[in-house]
Every structure is written in structure tokens, then in C-alpha cells.
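Here's the structure we're looking at; comments come further down.
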Amino acid sequence: FEQAAESKEAPVNDPGANKERVRSATIDEQKFILPESAFLILQATEEFQHFMAGIPNVVPDIAPILLECLKLFNSRTSQLILGAGATKSAGLKNITTKHLALASQSLSFITALIPYIREFIRRHCPSTPVMGEFDKVKRLYQEHQSGIHEKLVDIMSSRASVHVTSMKKTDWEAESNTDTTSSYMEVLAKETGTLHRVLSKHLPDSTVTMIMGPVFASYKDQWT
């Protein structure tokens, strides 16, 4: 928890934000960059666990509440990011690739944390009836994260579709007399480079590959 607490990103409106070094939280050697929301759910989880460790006989009553807290974080993240609710509640103009990447990172962090929370509760109260519910919540987080990755692929597939339309309108005889790169391809290359740069900054290499693979497969299908 201490490692994770130190990894909180500096607020965007903090004049000294760019001077602060972002340190990642680490679980099982996997590193995570935590946005403010993930840091807050981490603090809440820690408080629940302190309470249960201090008064073990309340574990059966507190564990379901902790589960509901984890479910709420998952559902609200979905509403704000995939559902674009943050464009109204937080005044964002749009949901960017960075927002999607950080949401994915938050979900991945909690997913990695859930088995440890479950084990903590098992040690303090083995007979707690909600133990199996933690596995269900973990699956909800994983499905949500997959949905975010699919959203990123869909966005780039849509961009490629726009550029394919531009290609179809190209006067190839006129193009053959120039040495410049076609504008639609130049823009698509820049957009793809931006996507990869943002994902690489906030997500592990394995996840970046998992997203970029389908993106390029979509390109291949559309351009062919």
C-alpha cells in the first residue's frame, strides 16, 4: 500500500506537476501508474482492512460492503469513461486515448489486488459467505478492461475507414506526378503513432501489443 500511495500522479492543475517524478505502484513485479481515482479506492480498501483486522468479528458484515465498494468503482469508471459521463460531470471536451489507458490501468491494478484482498478476508474470517463473490468481481473488472481495449481498436478502425474513403476519391493520375506522401496516409500514420506513444507511456508492453495487433489487423482488412 505504501508503494502504491507514493505512485499517485500529480494533479493536472498543479503548477509543479511537471517537476514531480511519477512513481509506479508494484504488485507481483507488475508496475502500475495510478490516477487519482485508483489511489482513492486503494485508500478506501486499506481503511476497510484496518477495520476488519482490528475488529475481526465484524468481518462478515464489512466484507460485503467492501465488495460493493469495488463494484461501484468498476461501474462508475465505466459510466465516466466508456459511457463518456466525464464529459458532463468533469467538464471534459472528449474522452481521450490517455483517459482510456489510465482507466485500463486502474482496472488492471484492482484486478491484481483482489486476490490479496480475498486472502486477507479468508485469514480473518474463513467462514465469510462472500468469498466466491470476489472472483465474480474480478471477472467484471477483466471484462470492463477488455471493453476499453476494444474501444481503442474501434476508434482506430473508424479513423482508418475515414482515410480509406479519402483514398477512394484520389485522382491517381494526378498523384503519380508528385513525390509527396498521400495526406490520408500521412495523417493515419501520425494518429497511429500517437496511439502507440500514449499506450506505451501508461500501459505494459504486453497490453500495448494486445491492442496494437487488432488495430493493424483492422488496417490490413480495410486497405485490402
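The values are calculated or read from the model by the stated rules, or taken from the named source; none is laboratory data. Quick caveat, the model's predicted, so the values are computed rather than measured. Positions of Cβ are generated from backbone atoms using ideal geometry, with glycine treated the same way; all protein chains shown enter the neighbour counts. SASA here: full protein model, heavy atoms, side chains in, ligands and nucleic acids out. Shrake-Rupley method; radii C 1.70, N 1.55, O 1.52, S 1.80 Å.
Any residue that is closer than 24 Å to residue 27 by Cα and either among the basic types (Lys, Arg) or out of contact with any strand residue (DSSP E or B) (no Cβ under 8 Å at 6 or more places or on another chain) (or both) - is there at least one of those in the stretch 88-95?
Checking the stretch 88-95: not a single residue is closer than 24 Å to residue 27 by Cα and either among the basic types (Lys, Arg) or out of contact with any strand residue (DSSP E or B) (no Cβ under 8 Å at 6 or more places or on another chain) (or both).
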* If you check residue 88 against the conditions, is it farther than 13 Å from residue 202 by Cα and in a loop (DSSP other than H, G, I, E, B)? -> no
* Kindly state which helices (runs of 4 or more DSSP H) lie completely within the stretch 115-224 and contain at least 2 residues that are within 28 Å of residue 31 (Cβ to Cβ) and either in contact with a strand residue (DSSP E or B) (Cβ under 8 Å, 6 or more places away or on another chain) or among the hydroxyl-bearing types (Ser, Thr, Tyr) (or both). => 131-168, 183-202, 205-223
* Could you tell me whether any residue of the stretch 23-41 is modelled with pLDDT of 65 or more and touching a His at 6+ places or on another chain (Cβ under 7 Å)? => yes
* Any chance the stretch 161-181 includes a residue that's in contact with a Ser or Thr (Cβ under 6 Å, 6 or more places away or on another chain) and either aliphatic (A, V, I, L, M) or open to solvent by less than 80 Å² (accessible area, probe 1.4 Å) (or both)? -> no
* Would you tally the residues in the stretch 59-92 being open to solvent by less than 30 Å² (accessible area, probe 1.4 Å), farther than 20 Å from residue 112 by Cβ and free of Cβ contacts under 8 Å to residues at least 40 places away in the same chain? => 3
* Does the stretch 99-113 include one or more residues that are open to solvent by 20 Å² or more (accessible area, probe 1.4 Å) and without any contact (Cβ under 8 Å) to a residue 24 or more places away in the chain? -> yes
